[in-house]
Amino acid sequence: MSVLIRNGRVVTAADSTVADVFVDGDKVALIGARLDVEADREIDATGKYVLPGAIDPHTHLDMPFGGTVTIDDVTSGQTAAAFGGTTCHVDFCIQGRGQSFAEALAGWHGKREGKAIIDNGFHIAVTDLEEGGSLEELATLPEQGITSYKLFMAYKGVLMVDDETLFRTMEVATKTGALVMVHAENGDAIDVLVREALAAGHTEPRYHALTRPPELEGEATHRAIALAHIAGAPLYVVHVTCKDAVDPIAAARAKGWDVWGETCTQYFFTDITDLDEPDFGGAKYVFSPPVREAWHQAVLWDAVRTDALSAISTDHCAFTLSGQKTLGKDDFSKIPNGAPGLEDRLRMIHHFGVNEGRLSLNRMVELLSTNPAKLFGLYPRKGTIAPGSDADLVIFDPTRKTTISAATQHSKSDYTLYEGTEVTGDVDLTMIRGTVVVEDGELKVEPGFGQFVKRAKFGEQLL
Ligand code: URP
Ligand code: ZN
Ligand code: ZN
C-alpha cells in the first residue's frame, strides 16, 4: 500500500515546508514539491500540518497502583493516544517485590499481547535488588531493547528505592548504555509530613500538595544529578513541576553534564488551588509531584522554550474520580496518584504553546516527538519525517476547534483535567507505519496492530 499526502506543511524539529510526502509500505519514501508518483491513495493536506507522530516517553497503562489498577489498559489508553496524535509511547514496566526483571517484563508484555493499537516500548522500573532482580540481570536488559532504568525516590514502602540502589543502578547504566530516569521527590521526608498531617486531622486533597513541598522535589533532583554525575550515568528527570527542580537541571546542563528533564502537560494548566474543588473534585488533581502555586507555570514554559527541559510527556496514569479516587475520601494519602492525559497533549500544547506564542511549531515537534525519540533510542526510525523513517504521521488541522470533554474522550476515566477547554487545532488523521489508524473520528485498526519497539542504547541510533 502506498499513500501520497499532497501539499501539507511538513513540520519537523528543524524544518517547515509545504511539500508532498510519499509513503511506500511502512516507511516514508520521498518528500518534495509536487511529487510525480502514483500512489494507491492520495490525501489532500492543503492547509494542514503533517507532523511526525507524537511520542510519549512517560505513561502507566494497566498498572497496579494506590490500592487499585489504572483504569486504562493497553487498548483504551493507546486508543486515546492515537486520537490525540501519539503514535508511540514508552510505558513503565514495574518490577514487583521479589520479582526478577524477566518476570516483570513477561507480565508487561502479556498486558499488550493482542491489545496494542499503537507502538510502544518499556522502561524497567527497578524497585528491589535484594530479593528480586540482580544487577547482573539488569545489565542484560539493554540487549533486549529495554534501554532505560527508572527509579522512584518517593512512594516510601511501595516503589521507593534507597540511595544505594539508585547509585548502583546508575553504575550499571554507565556500563550498559542505559538512560537512568528518576521520580525525584524526597520520599522519607514526605512520609513524615503525611503522617504528621493525618495525625493533626488533615484529610482533604489539598494536603497532598502541602505534604510534598517543592523544596523536596528540588532536593531530590539535586541529589540524583550529583549521584549520576559521580556514577558517570546519563540522567533524565521525569515530571518536573517547579523552579526548585528546574534550576539544578539547568545548572547541570550549563556545565555540559548528561542531564535532561521533562515536564508534563498538566503542570502548565493546573495549580494548587484546584485541589480545593468542592465535593471531593480536588482528588482529580492528585498526582505526584503535586500541583504547585501557579507562578511555577511560567517557569516551566520558559524551561521548555530554552531547553532547560527537553520533553513534554503526559504521565498518563488514569483513574476514575468515582470509585477509584474515592478510595481516599477520608484520607488524602489513599487517593490513587495520577491523572489521564494521553489524548490531550498535542492539542493543548499546540493551542497554549504555539497559538499563544510561547513555542514555535518546530519546538513543539521537538518536545513532543523528536527529543523523546532521540533520548529513548527511537530516532531516526521515529520522531521525524525523513526518507527511511517509519511513516508515523499526523495530519493536523490548525484551524479546527474542539472543546475538550470527558464525554468525548477515549480514556476510560470519567474526567479530564481540561473539561470545557476550547482549543484551536486538532488531529484529523493518525498514521502508523503507513497504516491509517484514526480518521474521520474513527479507529481504523484492530487491537493487536501496535508493535513492541526494541529501543537502541542511549546515544546510539535505531536504524
Ligand atoms: O501521580 C503520578 N504521577 N502517578 C504515576 C506514578 C508516577 O509517579 O509517575
Ligand atoms: Zn513519578
Ligand atoms: Zn509516572
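Details
- Check on Ala250, at pLDDT 95 or above, part of a helix (DSSP H, G or I) and over 28 Å from Asn371 (Cβ atoms): no
- The listed residue being open to solvent by less than 30 Å² (accessible area, probe 1.4 Å), assigned to a helix (DSSP H, G or I) and aliphatic (A, V, I, L, M), out of Ala81, Ala102: Ala81
- Any hit, segment 123-140, residues being away from ligand 1 (no atom under 16 Å from the Cβ) and touching a residue at least 60 places away in the same chain (Cβ under 8 Å): no
- Odd one out for Val194 among (1) within 28 Å of Asp119 (Cβ to Cβ); (2) within 15 Å of ligand 1 (Cβ to nearest atom): (1)
- Listing of strands (runs of 3 or more DSSP E) fully contained in segment 1-54 that carry 1 or more residues being without any contact (Cβ under 8 Å) to a residue 60 or more places away in the chain: 2-11, 16-24, 27-32, 41-44
- Only one entry of Ala45, Ala39, Ala33 meets the criterion of being crowded, with 24+ Cβ neighbours inside 10 Å and more than 16 Å from ligand 3 (Cβ to nearest atom), and that entry is Ala45.
- Segment 121-161, residues that are open to solvent by less than 20 Å² (accessible area, probe 1.4 Å), assigned to a loop (DSSP other than H, G, I, E, B) and of a type in the set (Gly, Ala, Ser): Gly133, Gly145, Ala154
- Summed over segment 13-32, the residues that are touching a Gly at 6+ places or on another chain (Cβ under 9 Å) and not hydrophobic (A, V, I, L, M, F, W, C) give a count of 5.
- In segment 270-299, the residues that are more than 16 Å from ligand 2 (Cβ to nearest atom), buried (at least 16 other Cβ atoms within 10 Å of the Cβ), in contact (Cβ under 8 Å) with a residue 24 or more places away in the chain and not polar (S, T, N, Q): Asp271, Ile272, Leu275, Phe280, Gly282, Ala283, Lys284, His296, Val299
- Sub-8 Å Cβ pairs linking a first residue in segment 142-168 that is over 18 Å from Ala220 (Cα atoms) to a second residue that is within 13 Å of ligand 3 (Cβ to nearest atom) and at pLDDT 95 or above, at least 6 apart or interchain, are Ile146/Cys93; Ile146/His123; Ser148/Val90; Ser148/His123; Ser148/Met181; Ser148/Tyr236, ordered by first then second residue.
- Listed conditions (1) away from ligand 1 (no atom under 16 Å from the Cβ); (2) touching a helix residue (DSSP H, G or I) at 6+ places or on another chain (Cβ under 8 Å); (3) open to solvent by 10 Å² or more (accessible area, probe 1.4 Å) are all met by Thr86, apart from (3).
- Residues of segment 215-259 classified as aromatic (Phe, Trp, Tyr) and either open to solvent by less than 20 Å² (accessible area, probe 1.4 Å) or within 16 Å of ligand 2 (Cβ to nearest atom) (or both), total: 1
The values are calculated or read from the model by the stated rules, or taken from the named source; none is laboratory data. The structure displayed is predicted, hence computed values, not measured ones. Because the Cβ atoms are built from the backbone with ideal geometry, glycine has one as well, and the counts that use them run over all protein chains shown. Side chains included, ligands, DNA and RNA excluded: accessible areas come from the protein's heavy atoms. Shrake-Rupley method; radii C 1.70, N 1.55, O 1.52, S 1.80 Å.
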